[in-house]
Amino acid sequence: MSINMFGRIFTVSTWGESHGPAIGVMIDGCPPRIPLDAAMIQHWLDRRRPGQNSFTSQRREADAVEILSGIFEGQTTGTPIQLMIRNIDQRSRDYTSIRDTFRPGHADYTYWKKYGIRDYRGGGRSSARETAARVAAGGVAREVLKSLLPALHIIGYMVQIGPHAIDRQRMDIAQIDTNPFWSPDPDIVETWSDFLRATRKAGDSIGALVEVRATGMPTGLGAPVYGKLDGDLAAAMMSINAVKAVEIGDGLGVVTLKGSENADEMLPAEGGVAFQSNRAGGILGGISSGQDLIVRFAIKPAASILIPRRTINTDNTPNEIITKGRHDPCVGIRAVPVGEAMMACVLADHLLLHRAQTGS
């Protein structure tokens, strides 16, 4: 039962738990002779790593990736690639008090009801720690895309934290890597900083909205009905911890539009077509149109907070819980590199599917 794997040709299987000795990922279906080494993957892991600023978890993990297989003399061999990231800063003692208590908003109750056992140390498999393995896989996927589609570029950024949204008129992609929020709007940074400090001081948390965009897209990735590119992208983003909604293009905004407003008009252009808008988010009928691919996903507030919440114990008796430990006041911040990684994995998979079916 491959419930820990996604993808059809470029397949990704993650393994490990938050407080186990290590986490990792196995990638199968990667083409051979793709230049790859640990430093290429580490670059992306460093962007996700916790403890880099006061607005993320203070868990101190190097997130140093080790390549166990599938690489020889700096190139992929076409065989399974096994990557491992050791856990070095677990504090399992923080969770001993909740071993028999379910944390509201977490997967504790559902895991226990499904399996009859749960790893209460940081959530085990349901922990956001698992996403480091996804980012490692995304690093491999990016190198595949770089070799086969050099014009393609994937970038993620934060567009809203709580009630505070960016001003898209001020968007500057060059600003994304200059602040701790991956914000393309430099003027919102101070507002977000003050808001998150107050949220953390209150022992609470807040949600966020992340956008991921791919430029330099080819036309033709994806397939009708059951192989839609937007369907796979939505599933990939929904699989990220704490994601509760996904939008492609204008998303929920299309509800208020008329057909005359929503359809992206086309004009002839040298070598192709000139779209007059991109409400569809770069996908028509499940197939990429060549426009920018635009995906947004909503991250719920972290359930681990210092405000008492009512709950039950494993024996169904009532209780009250405060979740101690090192937690993010806004988990959406570290979700930005994860969203980029998931898009990279989906696009690598669809590119290889496209080549297999059409030969191009």
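The values are calculated or read from the model by the stated rules, or taken from the named source; none is laboratory data. These figures come from a predicted structure and were not determined experimentally. No Cβ is skipped: glycine too gets one built from the backbone with ideal geometry, and neighbour counts run over all protein chains shown. Ligands, DNA and RNA are excluded from the accessible area calculation, which covers all protein heavy atoms including side chains. Shrake-Rupley method; radii C 1.70, N 1.55, O 1.52, S 1.80 Å.
Which part of region 108-152 falls in the paramagnetic zone of residue 278, meaning amide N under 15 Å from the point 7 Å along Cα-to-beta-carbon?
151-152
Under 5 Å between amide hydrogens, which residues at least 5 positions from residue 69 or on another chain qualify, with H placed 1.01 Å from N in the peptide plane?
Under 5 Å from the amide H of residue 69: 82.
From the list [x] 26.0; [y] 19.7; [z] 18.2, can you say which value of mean projected area of the Cα convex hull in nm² was derived from the structure given?
For mean projected area of the Cα convex hull in nm², the calculated option is [y].
Using every alpha carbon pair in region 302-360, what percent of pairs falls into each 5 Å bin from 0 up to the bin containing the largest distance?
In order of increasing distance, the bins hold 4, 15, 11, 12, 10, 9, 9, 9, 7, 6, 5, 3, 0 percent.
Report, by chain and number, residues whose modeled amide H sits under 5 Å from the one on residue 245, excluding near sequence neighbours (fewer than 5 apart, same chain).
298
Label residue 324 and residue 33 with points 7 Å out from Cα along Cα→Cβ: what is the distance between them in nm?
Spacing of the two 7 Å Cα→Cβ label points: 5.8 nm.
Just in region 261-360: which GluC sites (Glu not before Pro) are loop by DSSP and have at most 12 other Cβ atoms within 10 Å?
265, 270
Just tell me, in residue order, which DSSP H segments of the chain are both 27 angstrom or longer along the helix axis (alpha-carbon based) and at least 0.5 in mean Kyte-Doolittle hydropathy.
332-358
Note the full-extension length gain between residue 254 and residue 97 as 0.36 nm times their separation in residues minus their Cα-Cα distance, in nm to one decimal.
51.8 nm
Can you give me the % of accessible surface on the chain that is carbon or sulfur? Probe 1.4 Å, all protein chains present, nothing else counted.
Answer for the chain: carbon and sulfur cover 54 percent of the accessible area.
Over 16 Å, how big is the tail of the calculated P(r) for region 163-264, in percent of all Cα pairs?
72 percent
For the chain, what does the helix formula give at 222 nm: sum of -39500 (n - 2.57) over DSSP H segments with n ≥ 4, over the residue count, nearest 500 deg cm²/dmol?
-8000 deg cm²/dmol
Applying 1/(1 + (r/R0)^6) with R0 = 56 Å to the Cβ-Cβ distance of residue 117 and residue 270, what FRET efficiency is obtained, to the nearest 0.05?
0.35
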